[in-house]
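The values are calculated or read from the model by the stated rules, or taken from the named source; none is laboratory data. Being a predicted model, the structure only gives us computed values, none of them experimental. Positions of Cβ are backbone-derived with ideal geometry, glycine not excepted, and every protein chain shown enters the neighbour counts.
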Amino acid sequence: MVKSGWLGYPAASEAQIAEAETRLNTRFPPSYRAFLAVSNGWRNSDWTEMHLYSTSEIDWFASRNQEWISTWQSAGQSPLLDEKYFVYGADQDCIHLRPEYLSTALEISSGSGDGDIFLLIPQVVSETGEWEAWHLGNKLPGAYRYRSFYELMEKITDQGCFIL
């Protein structure tokens, strides 16, 4: 861990962000771009095993996790109605997810020792261009979903998972 308590790296340049977007053939959502412009990833430490990827590490979830996707998609879940899916915050039930979204999810973190991972979901985009963000983990029966990367980070920092 950095002596200052800051787990971030130096900022990604606009060129680094653009190169990652070109490599992945997408444009990142605004709050995630803003994060990268401040810190090109996030270190893990002795109290959290989560590592947020740098622009050179970000990749589509399917590139590294096809077996995980196949397992989720073979579970045979019935199609999920929007009324159950689009519930966020304290009323959300993490079992309500759409496994088909894993095939096109953007992987923005390494897995923790507990199997937790953060994903951005390009199928769910707000009017402001934010993508839905997921906290998917082996200890969870599904994923906690957030309206944006910003909302995800706000929640995990409130829980004391990272020092800002």
(message) Among the listed residues E57, E67, identify the single one that is among the charged types (D, E, K, R) and assigned to a loop (DSSP other than H, G, I, E, B).
(response) E57
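Conditions tested, residue by residue: (1) of a type outside the set (A, V, I, L, M); (2) out of contact with any Asp or Glu (no Cβ under 8 Å at 6 or more places or on another chain).
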site: I108; (1), (2): no, yes
site: P122; (1), (2): yes, yes
site: H135; (1), (2): yes, no
site: N138; (1), (2): yes, no
site: R145; (1), (2): yes, no
site: T157; (1), (2): yes, yes
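The rows are residues; the columns are (1) over 13 Å from the mean Cα position of the chain (by Cα); (2) of a type outside the set (F, W, Y).
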residue: A75; (1), (2): yes, yes
residue: S78; (1), (2): yes, yes
residue: D82; (1), (2): yes, yes
residue: Y88; (1), (2): yes, no
residue: D93; (1), (2): yes, yes
residue: H96; (1), (2): yes, yes
residue: Y101; (1), (2): no, no
residue: A105; (1), (2): no, yes
residue: S109; (1), (2): no, yes
(request) Only residues that are under 30 Å from T22 (Cα atoms), not in a strand (DSSP E or B) and not charged (D, E, K, R): list them for the stretch 87-125, please. (result) L97, P99, Y101, L102, S103, T104, A105, I108, S110, G111, S112, G115
(message) Can you find, within the stretch 27-70, the residue that is nearest to Q123 (Cα to Cα) among those that are among the charged types (D, E, K, R) and modelled with pLDDT of 95 or more?
(response) R27
